[in-house]
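Please treat every number below as a calculation from the coordinates, not as lab data. None of these values were measured; they are calculated from a predicted model. With ideal geometry, Cβ positions are generated from the backbone for all residues, glycine too; neighbour counts draw on all protein chains shown.
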There are 2 protein chains.
Amino acid sequence: MKPRERKIAEGFLYTDEYQLTMAQLYYRVGLHDRLGQFDHFFRSYPDYGLHKAGYCIAAGLEWLLNWMQNTQCRDEDIEYLKSQVNRTGSRVFADDFLEWLRKNGNFDSISLQAIPEGRVVHPNVPLTVVQGPLAIAQILETSLLNHLNYQTLIATKAARIKESGRGKVMLEFGLRRGQDRGANAGTRAALIGGADYSSNVGLSHVLGYQPKGTHAHSMVQLFMALGEGELEAFRAYADVYPDDCLLLVDTINTLESGIPNAITVFEELQRKGHQPVGVRLDSGDLAYLSIQTARMLDQAGFPDTLIVLSNNLDELVIWQILTQIQEEAPRYGVDADHLINRLVYGVGTRLIVSDGDPALGGVYKLVAVCDANTWVPALKISESSNKTPNPGHKHVWRVYDQRGKATADLLALEDEQPGSEEQIILHHPFQASKYRVLHTNAVTEIEPLLEDILQEGNLVAELPPIEGLRRRRDLDVERLDPGVRRLMNPHIYHVSLSAKLWKMKQELISSALSPIRNRVAP
Amino acid sequence: MKPRERKIAEGFLYTDEYQLTMAQLYYRVGLHDRLGQFDHFFRSYPDYGLHKAGYCIAAGLEWLLNWMQNTQCRDEDIEYLKSQVNRTGSRVFADDFLEWLRKNGNFDSISLQAIPEGRVVHPNVPLTVVQGPLAIAQILETSLLNHLNYQTLIATKAARIKESGRGKVMLEFGLRRGQDRGANAGTRAALIGGADYSSNVGLSHVLGYQPKGTHAHSMVQLFMALGEGELEAFRAYADVYPDDCLLLVDTINTLESGIPNAITVFEELQRKGHQPVGVRLDSGDLAYLSIQTARMLDQAGFPDTLIVLSNNLDELVIWQILTQIQEEAPRYGVDADHLINRLVYGVGTRLIVSDGDPALGGVYKLVAVCDANTWVPALKISESSNKTPNPGHKHVWRVYDQRGKATADLLALEDEQPGSEEQIILHHPFQASKYRVLHTNAVTEIEPLLEDILQEGNLVAELPPIEGLRRRRDLDVERLDPGVRRLMNPHIYHVSLSAKLWKMKQELISSALSPIRNRVAP
């Protein structure tokens, strides 16, 4: 795409056509300025096939806000919309609507609450609550989902991979396999969710992290093609980067060539007073090779150089590698724990695309409309009851038990104050007969999760840097039950409705269905 | 990301750190200006789990070229690189290298050949061949893969979905589920590979297509919340869009409410002289519902209004829907073929993320280096033989059989002219004993696939609009054996080496391994 085209395709028209046709319809019937509320939420955790996530990490909000604050309908956008014609050749958008859009086509009228980035989040809980004139809030839908779905997906995957690697350093390597510029959003989300560093130079710079990397096979190949060998390539690298010498050892053969050559170069470096950093293994049986590598490095007097693993890693592969190391390392006289402590994980493709479940199904649903200064709840009924959104303006509370662990997220109506009575009723979101009663004395904290972010377009929240988001993540993950953190078959965390919200939802469903039940042919 | 940050993160630093450290190393040893050749190719078709693709559609080149032509190392980039320090606190990049990079950090020195966008392509065939100074060609790797991997992946998925829908109209709806800005690249690739239109407004505008869409559930919900109903919502829509009236019918209940209300409105429209367009089904059993919808519309006198299907469609889901329609429709007195002819497919998530296999493993490998005006082949050996790239500068030929169908892609050395002798030997790329002999008289055409695109930075090819790419796609798909086009278990298309290339590769592998075989402890 050319830079001029980018302005068109990433600006106000970064939306779906039906948002604009609906906005014009609202304008035509006089509802465009009516305040509406839309909830953004996802319906289920990413399900990677063998294994399903037990929690997600919210991410993407700051970039959404950047987009909203830097985007408005430009004259060129209006000119284009003017030129749109339908199949009979008449214009799709009329002048009066476009004139309104030219003046009002920005997000200064939007108020927004959100569960902040970095926090643990769960299905069916509003992560973002948008209030604004219906026409504008409608146009915002596509971009909001685009910004929030993907980063939340990747922050979640990164948290799982970090967990599988027992908290050791994890590097994000996915730029070449992400979706065009979307890869930058993936890098950011990975850094929020669990990656310590990234190879992505530009984005690391933007976020204030040192980008990480070593060398590729091509460097070794080059020396070979010119009549030298792997050893000369390693020596050249050590000469230029004596204090950052991390060598990729699998261009020819890891154990027969790469490691012996690396050890030779490490010894030379050491004699010159430099500390070698380590080696990277990028193919083959990474568990077996890392044991043999550790054995050879130990014997050569390099017991602490790092062993970086890469090549299609994800949380299950890492888990399997560590299990195999713990079983096999002792047989080769290698201390498994010591080896595991020197591992670093380079994770590319499977992180940046969330392999196994590459899209988070976040949705944006109208839940209330303002009518004569009152918020009227709005409903969409679905044939499967778990797809009927929770109507109305709601508060979201996280309830902590006596251990200080989060035990449920509770959706309640605005005028409710959970914890003010002796017991809290946690109603199952879809099943009428299922509820759980918590005595208030078994509860240590009830925390509201939604924070005010925008008030009529003005930023009213502080947006901390990535380090702050990571602290939130660590705090929240620490307060999850270990069963919820489990990589396979996690406990299902409870997301519940207050008894009052449950009742209101059932009444709305009944009243929406009554015209069908009483249908008389028109 | 803020606009200022975007310039950093999407410009010259849109690369991996190791590309820059390698470039500096090449500079330090005097190899930075040496010409190298890198091949870009993928090793296997997307494998969606149950089913593997039998061919891919190349896409992404034009946007890569746009990026290359609009990107150069800026002073700010240099300042940032100057500030990078390693773990001992010393600078990573030295002044002399950065001074060179400031002057040479652009892609004016790159020559590039490619198999053009829209064409059918296969594994292990160079899709893109880059020649240029080693340091610059190395820095280009990440962005090249980022631009080409994803669009080729999505064009391929779109071609399959189009095929499953028997060529009927297919709409791309994925903007909300793509990776941030990457979704625009997905829309473009979908339009190249098989989608007829997209809901993405900005990108459709850029590419010259009318964006498509109807309305969302929220419009119906809004009317309901304000005390009216689905019928009033449909009427409002028909009033504003009398000639584009396509109604979403599942907000309450498809068959009990949505379709009857749509028919009422269609009758009103018809009385006013307008032709209703159709309905959209977005939940439930789409095969069953489309049969019942067709039956009801037929009975009401609307036998030709469209039935748009959406909701997690992909090639297998569409295939299953059509199979079920052909079995069940007659039982309800509905003509299956007539129904299938009025279907339109709205495909979102599963297309934009290539569900089932969300990344194409395209790689970029050094295959030759220029030494004293001669191209010396370069090799990377892998423990699995199918990951050892084909070395040297190669030509790519597509061989057509007597039916005019493509029967193999042949990689040959530059000085070879396949077809000039009586027989063509097609050697299996990895297995020594496997080859196939084609007599030249059984061959109707031998077509060179790589075209010159850039010569030292200058564009020397014409880049046709999407329509032109679609014509290439149709031509190529038409010339595939039907077995290769099959959605499940396709025939494996032959990608072969010439006997001469095979021999050269084996000799190189032997010579690279000889130092190991003769190893003496250093």
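Counting only C-alpha contacts under 8 Å and six or more residues apart, can you give the relative contact order of the range B:49-133 as a whole percent? Before the final figure, lay out the partial values.
On the way: 84 pairs, mean separation 32.1, N = 85.
After rounding, I find 38 percent.
Can you give me the angle between helix B:17-28 and the longest principal axis of chain B, using Cα atoms only, in degrees from 0 to 90, rounded to the nearest 10?
20
Distance from the Cα centre of the range A:253-275 to that of the range A:9-36, in angstrom?
63
Report the residue of chain A with the smallest Cβ-to-axis distance, using the rotation axis that brings A onto B, in whole Å.
A:182, 1
Show me B:172-184, A:263-275 ranked by packing, highest mean number of other Cβ atoms within 10 Å first. Let's see the in-between values first.
On the way: B:172-184: 28.3, A:263-275: 16.2.
Taking the mean over residues of other Cβ atoms within 10 Å, the ranking is B:172-184, A:263-275.
Can you run phi through the Karplus equation (6.51, -1.76, 1.60; θ = phi - 60°) for the range B:245-259 and list ³J(HN,Hα) in whole Hz, with x for Gly and Pro?
My calculation for the range B:245-259 gives 7, 10, 10, 7, 10, 10, 5, 10, 7, 4, 7, 8, 10, x, 5 Hz in order.
Using a 7 Å offset from Cα along the direction of the beta-carbon, what are the separations from residue B:210 to the same position in each other copy, nm, ascending?
5.8
Only four residue types carry charge here, +1 at the Cβ of Lys and Arg and -1 at the Cβ of Asp and Glu. Report the dipole size of chain A about the Cα centre in Debye, rounded to the nearest 20.
In total the dipole reaches around 1320 debye.
By the gyration tensor of its Cα atoms, with a ≥ b ≥ c the square roots of the eigenvalues, what is the shape of the range B:407-522: rounded for a/c under 1.5, prolate for a/b over b/c, or oblate?
Details: a/c = 1.96, a/b = 1.49, b/c = 1.32.
Because a/c hits 1.5 or more and a/b exceeds b/c, the range B:407-522 counts as prolate.
Over chain B, what relative contact order in percent results from Cα pairs under 8 Å that are six or more residues apart? Numbers along the way, then the final one.
Details: 978 pairs, mean separation 100.2, N = 522.
About 19 percent, as a whole number.
Quick check: the angle from helix A:134-164's long axis to the longest principal axis of chain A, C-alpha only, nearest 10 degrees?
30
For the cross-link pairs A:82/B:272; B:162/B:434; A:365/A:434; A:365/A:500; B:162/B:380; A:7/A:505, which exceed 31 Å when the distance is taken from alpha carbon to alpha carbon?
Details: A:82/B:272 25 Å; B:162/B:434 35 Å; A:365/A:434 25 Å; A:365/A:500 21 Å; B:162/B:380 38 Å; A:7/A:505 43 Å.
Beyond 31 Å: B:162/B:434; B:162/B:380; A:7/A:505.
What's the average, rounded to a whole number, of partner chain beta-carbon atoms within 10 Å of each residue's beta-carbon in A:254-264?
Details: counts 1, 1, 5, 6, 0, 0, 4, 2, 0, 1, 2.
Taking the mean over all residues of the peptide, I get 2.
May I ask for the angle, rounded to the nearest 10°, between helix B:230-240 and the longest principal axis of chain B, with both axes built from Cα atoms and the value confined to 0 to 90°?
Its long axis makes an angle of about 70 degrees.
Going by the alpha-carbon gyration tensor, a ≥ b ≥ c the square roots of its eigenvalues, is the range B:217-358 rounded (a/c under 1.5) or, if a/c is not under 1.5, prolate (a/b greater than b/c) versus oblate?
Working: a/c = 1.96, a/b = 1.31, b/c = 1.50.
It comes out oblate by the Cα gyration axes.
Can you list the equivalent-ellipsoid semi-axes of the range A:31-189, largest first and in whole Å, using the square root of 5 times each Cα gyration tensor eigenvalue?
Numbers: eigenvalues 262, 65, 40 Å².
Computed over the range A:31-189, the values are 36, 18, 14 Å.
Considering only C-alpha atoms, what is the centroid distance from the range B:96-119 to the range A:168-208, in Å?
So the two Cα centres are separated by 24 Å.
With a Förster radius of 56 Å, plug the Cβ-Cβ distance of residue B:335 and residue B:387 into 1/(1 + (r/R0)^6) and report the FRET value to the nearest 0.05. Working shown, then result.
On the way: r = 52 Å, r/R0 = 0.93.
FRET efficiency, residue B:335 to residue B:387: 0.60.
Specify the inter-centroid distance of the range B:406-452 and the range A:304-354, based on alpha-carbon positions, in whole Å.
43
Only Cα pairs under 8 Å and at least 6 apart count here; give the relative contact order of the range B:214-352 as a rounded whole percent. List each step's numbers first, then the result.
Details: 191 pairs, mean separation 27.5, N = 139.
20 percent.
Residue by residue through B:364-370, how many Cβ atoms from other chains fall within 10 Å of the Cβ on average?
Details: counts 3, 4, 9, 3, 2, 7, 1.
For peptide B:364-370, the averaged partner shielding equals 4.
If we hang a label 7 Å off Cα along the beta carbon direction at residue A:459, how far is it from the matching labels on the other copies, in nm, shortest first?
Here residue A:459 shows inter-copy label distances of 3.7 nm.
Report, for the protein assembly as shown, the % of DSSP beta bridges that are antiparallel, rounded to 5.
Working: 97 of 135 bridges.
In the protein assembly as shown, DSSP labels about 70 percent of beta bridges as antiparallel.
Sorting check: for B:411-417, A:256-262, B:15-21, which peptide has the highest mean count of neighbouring beta carbons within 10 Å, and how do the rest follow?
Numbers: B:411-417: 15.3, A:256-262: 22.9, B:15-21: 25.3.
In decreasing order of mean packing, B:411-417, A:256-262, B:15-21 become B:15-21, A:256-262, B:411-417.
Where both partners of a DSSP beta bridge lie in chain A, what percent of those bridges are antiparallel, to the nearest 5?
Working: 47 of 66 bridges.
In chain A, approximately 70 percent of DSSP beta bridges are antiparallel ones.
Averaged across the residues of A:147-158, what count of C-beta atoms belonging to other chains lies within 10 Å of each residue's C-beta?
Working: counts 3, 1, 6, 8, 2, 0, 3, 1, 0, 0, 0, 0.
The mean count of partner-chain Cβ atoms within 10 Å per residue comes to 2.
At 37 °C and 0.692 mPa s, grab the translational diffusion coefficient of the protein assembly as shown from Stokes-Einstein with a Kirkwood Rh over Cα pairs, rounded to a whole number in µm² per second. Please list the in-between numbers first.
On the way: Rh = 30.5 Å.
Stokes-Einstein gives a translational diffusion coefficient of 108 µm²/s.
Once amide H atoms are placed 1.01 Å from N in the peptide plane, what residues at a sequence separation of 5 or more from residue A:125, or on another chain, have their amide H within under 5 Å of its amide H?
The list, which skips near neighbours in sequence, is A:42.
Would you compute, from DSSP H runs of 4+ residues alone, the mean residue ellipticity of chain A at 222 nm, taking -39500 (n - 2.57) per run and dividing by the full residue count, rounded to the nearest 500?
Values: 18 runs with 204 residues, N = 522.
That comes out to -12000 deg cm²/dmol.
Show me the ranking of peptides B:148-157, A:208-217, A:465-474, A:427-436 by mean Cβ neighbours inside 10 Å, starting with the highest. Intermediate results must be reported in sequence, preceding the final value.
Numbers: B:148-157: 29.5, A:208-217: 21.2, A:465-474: 16.5, A:427-436: 13.7.
By packing density, highest mean first, the sequence is B:148-157, A:208-217, A:465-474, A:427-436.
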